[in-house]
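The values are calculated or read from the model by the stated rules, or taken from the named source; none is laboratory data. Predicted, not measured: the structure shown is a model, and the values here were computed from it. Reconstructed Cβ throughout: ideal geometry from the backbone, glycine too, with neighbour counts over all protein chains shown.
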Amino acid sequence: MRKKNADKKKSASILRFYPFTKGLRGQFILAAVTVVISALANYMTPQVVRVTVDSVINDEPFALPGFLLGWVESLGGRTALREHIAICAAAALVFAVIAGVTNFASRMGLAKACEGTVEKVRNTLFSHIQRLPYAWHNQNQTGDIIQRCTQDVELIRRFVSDQLMSVVRTVLAIAISLALMFMMNVQLSLIVLAFIPVVMGFSLVFFVIVGKKFEQADQCEGQLTALVQENLTGVRVVRAFGRERYEIDRFNKKNNEFAELWSNLGKVLGTNWGICDLFAGTQVLVIIVVGVFFVERGAITEGEFLAFTAYNSMLVWPVSNLGRILSELSKTSISATRIYDILDAPEERDCPQPKTPPMDRDIVFDHVSFAYGESGEVLEDVSFTIKAGSTFGILGATGSGKSTLMYLLDRLYELPEGQGSITIGGVDIRNIKLEHLRQGVGMVLQEPFLFSKTFRESIADGAKSQDLETVRKYARMAVIDDAIESFAQGYETPIGERGVTISGGQKQRVAIARMLMQNTPIKVFDDSLSAVDMETDQKIRQSIKENVHGTTILIAHRITTLMNADQILVLDKGRVSQLGSHQELVAQDGIYKRIYDMQRS
C-alpha cells in the first residue's frame, strides 16, 4: 500500500509545485506566448523560401493570403520581386529577427519566473525542516537531507528552466509542422507521421527505466553526501584513532557504487538517445529520397520540397528530443518525490487552544512510560514532583532514561496519550504552546552544539541583550570568563565549526553561559559538567546556586554534583529506584549509596 501511494505521489508530484508559482504566473505565461511567437516566426522562413523559389524564380502562381498578395501586387508583382530579390531576403531576415528577439524574451522571462519559483521552494523547504519534530531528524541522515535540499531542488530548477519550454516547443513543432506539411503534401506527411508514435513509444519505455535507475543513483548520492558530512564532522575522531585509511576505503567503496549506478544510467540514456537519433536520421533520409521522387513526378514543386524538408528537420529533432525530455521528467519526478517526502512530513503542532501558563511552577511526572519506536520501553511508570524554585538531581546508569525525561519535558519527543502525563503548574505540557514551553525550559546537553561564531556571539545566541558586559556576566557564572580572556582576541575569538578549536570542558561552559543568559524559569543541566574537573564543577555549582534563580534540574554521574540538590531521583532501567535528599539516600541501602561509596573511596 505504501509503495502504491509512493508511485501515485511520483506521477503527480511535479504538478504539486504549481502553488509556488503564485505571483510569477504572468511571467510564465509571457514566456509561453513569446515562445509561440518565436516558433511561428521560425516557421515562416521556409514559407518565404517556398514562395521565392516557386513564384519569384519560377512561374508558379503566388499561394499567399489575400492581404499579402495585394501587398506583392502593390510592389510590382513577380517582375519587381525578381529585380529586387533582396526583398525576399529581407522578409526572411525580419522573421529571423522576430524569432531571435522573442526567443531571448522568453528565456529571460522564464529564467526570472523559474528562479523566483525555486527560491520559494528552497525557503519553504528550509522553513518546514525547522519545524519538523526532533524525532524526524533522528530518523533521517543529515547528508541525505542536504542532498534533497540542494541537488534535488537544482534538478527541479533545471527542468523548469530548460525542459519546460522544450515541451511547449515540441508540441508547437508537431502541431505547426504537421499542419503545414499536410497542406503541401498528404502522402509525405503520412510518412512523417508514421515515425512519431514509434519514437514516442520508445521514449515512454525508457521513461520508466530511467526513473527507477535514477532513484537508485539519487539515493546513493544522498548516502555518499551523508558519509562525507559524517566524516568531516568527526574529523578529530578519525585523526585520533588513525582511521584515515578505513574512512578512505569506505568512501571509495560508496563512491564506486555511486559511479557504477550513474554509469548504468548513462548507458540507458545513451541507448535511448541513440535509438531516437537513429529514427530521426532515418526519417530525414526517407523524406529526402521520397521527396525527390515526388518532385520528379511533379507531385510537389521544388519550393514546396525545400519547405517540406525544412519543416521535417524542424520537426524531427524536437520529436527525437522528446526522449531526452521524458528522461529529464523521470529524474525530476523522483527529485520532486524526495522533496515532498520532507514537505509532507507533519510539523510539530500545538493543540487547538494552546495555553501559556507561568513556567515557574511545580513540575509533575505522573506514571510516565515511553519507548523509542519498537526498541522497548525506556521509561516505565515514572512518577515524581519537582518543586518550583528547587534544585532537583537525577542519577542513573547510562541508558536508564535520564535524558529522555528532559526530552519529554521539552517536547522534543511527544508523550503518547495513555502513557502518563507531565504537567507544569497543573497544566499538561501537551496543552502548552510549544514556543512558550521552550522559552521557559533552558537545556545544556552533555555534548553541546556550538555554531561557528565568536565567543561573544555564541554566548549571546538567541538572547535579547547582546552587549559585552552582559555576556561577560554570564560567562563568569559559567567560570569561562578567564579562559576566554586568555585568547588573543578575547570574546571576539572565532570558536570554529561546532566549537572545534576549544576543549570539551570549554564548550560545555560556553553552552552553560549561553543557557543562563536566556534566563529561563526552568534550567536543565544534562550531564553538562562531565568534561570539567572537580574544582571547576564545584565553582560552577556554587556560582549557579548564588546567582541563578528558578527551578534547576541536574543530571549527572558524580554524586558531588548532585549532593546539594533538594531532592535526588535515582533511575534504574527506566524505573524509579530511589527518591530523596542526599542525607536520606546515603542512609539507605541502594544504588545511590553504592555509587557514593565507590566515588568517595
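Of all the listed residues (V444, V427), the sole one being among the β-branched types (V, I, T) and buried (at least 21 other Cβ atoms within 10 Å of the Cβ) is V444. Each residue in segment 554-579 was checked for being of a type outside the set (D, E, K, R) and under 20 Å from E380 (Cβ atoms), and 10 pass.
Among the residues of segment 185-206 satisfying the criterion of being in contact (Cβ under 8 Å) with a residue 24 or more places away in the chain and crowded, with 19+ Cβ neighbours inside 10 Å, which is nearest to P46 (Cα to Cα)? Spell out the reasoning first.
Step one: filter segment 185-206 for residues in contact (Cβ under 8 Å) with a residue 24 or more places away in the chain, giving 185, 187-188, 191-192, 195-196, 198-200, 202-204, 206.
Applying the additional criterion that residues be crowded, with 19+ Cβ neighbours inside 10 Å yields 185, 188, 192, 195, 199, 202-203, 206.
Values: N185: 15, L188: 17, V192: 17, F195: 22, V199: 25, F202: 30, S203: 29, F206: 34 Å.
Checking each candidate, the answer is N185.
The set of residues in segment 452-469 being loosely packed, with under 14 Cβ neighbours inside 10 Å and more than 15 Å from E492 (Cβ to Cβ) consists of G462, K464, S465.
From R476, R472, grab the single residue that is touching an Asp or Glu at 6+ places or on another chain (Cβ under 7 Å), surrounded by fewer than 23 Cβ atoms within 10 Å (Cβ to Cβ) and not in a loop (DSSP other than H, G, I, E, B). Break it down stepwise before answering.
Details: R476 fails: touching an Asp or Glu at 6+ places or on another chain (Cβ under 7 Å).
On inspection, the qualifying residue turns out to be R472.
Looking at segment 529-589, what helices (runs of 4 or more DSSP H) fall wholly within it and have at least 3 residues that are in contact (Cβ under 8 Å) with a residue 40 or more places away in the chain and within 13 Å of I394 (Cβ to Cβ)? Correct list: 559-562.
Might you let me know whether segment 290-298 holds any residue that is in a helix (DSSP H, G or I) and closer than 24 Å to V198 by Cα?
First, pick out the residues of segment 290-298 that are in a helix (DSSP H, G or I): 290-297.
Checking which are closer than 24 Å to V198 by Cα leaves us with 290-291.
Yes: one or more hits.
Scan segment 1-35 residue by residue and report those that are of a type in the set (G, A, S), at negative phi and modelled with pLDDT of 80 or more. Across segment 1-35, the qualifying residues are G26, A31, A32. Being out of contact with any Pro (no Cβ under 9 Å at 6 or more places or on another chain), more than 22 Å from F214 (Cα to Cα) and either buried (at least 18 other Cβ atoms within 10 Å of the Cβ) or not small (G, A, S) (or both) holds for only one residue in T117, T150, and it is T117.
Take the conditions outside any loop (DSSP other than H, G, I, E, B) and at pLDDT 90 or above and apply them to T385. Does it pass? Taking the combined requirement at face value, the residue satisfies it. For the condition over 23 Å from S330 (Cα atoms), surrounded by fewer than 17 Cβ atoms within 10 Å (Cβ to Cβ), of a type in the set (F, W, Y) and in the same structural domain as V205 (by TED's automatic domain parsing), F294 does not qualify.
Quick check, is V378 of a type in the set (A, V, I, L, M) and at pLDDT 90 or above? Taking the combined requirement at face value, the residue does not satisfy it.
Anything in segment 327-367 that is closer than 30 Å to V524 by Cα, within 25 Å of the chain's Cα centre (by Cα) and not basic (K, R)? List them, or say none.
Step one: of segment 327-367, the residues closer than 30 Å to V524 by Cα are 345-367.
If we keep only those that are within 25 Å of the chain's Cα centre (by Cα) too, we end up with 345-350.
Answer for segment 327-367, where residues must be closer than 30 Å to V524 by Cα, within 25 Å of the chain's Cα centre (by Cα) and not basic (K, R): A345, P346, E347, E348, D350.
For L224, state whether it is surrounded by 15 or more Cβ atoms within 10 Å (Cβ to Cβ) and either modelled with pLDDT of 80 or more or hydrophobic (A, V, I, L, M, F, W, C) (or both). Step through it out loud before you land on a result.
Details: surrounded by 15 or more Cβ atoms within 10 Å (Cβ to Cβ): yes; either modelled with pLDDT of 80 or more or hydrophobic (A, V, I, L, M, F, W, C) (or both): yes.
It is true that L224 is surrounded by 15 or more Cβ atoms within 10 Å (Cβ to Cβ) and either modelled with pLDDT of 80 or more or hydrophobic (A, V, I, L, M, F, W, C) (or both).
Here's the yes/no breakdown for (1) surrounded by 15 or more Cβ atoms within 10 Å (Cβ to Cβ); (2) on the phi < 0 side of the Ramachandran plot; (3) out of contact with any strand residue (DSSP E or B) (no Cβ under 6 Å at 6 or more places or on another chain):
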residue	(1), (2), (3)
Q489	no, yes, yes
G505	yes, yes, yes
V524	yes, yes, no
S530	yes, yes, yes
T536	yes, yes, yes
I540	yes, yes, yes
I544	yes, yes, yes
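Taking P416, is it without any contact (Cβ under 8 Å) to a residue 12 or more places away in the chain and either farther than 30 Å from V153 by Cβ or assigned to a loop (DSSP other than H, G, I, E, B) (or both)? No.
Residues that are part of a helix (DSSP H, G or I) and touching a Ser or Thr at 6+ places or on another chain (Cβ under 8 Å) within segment 515-528 comprise just one, M517. Number of residues in segment 175-194 that are modelled with pLDDT of 80 or more and closer than 18 Å to F279 by Cβ equals 9.
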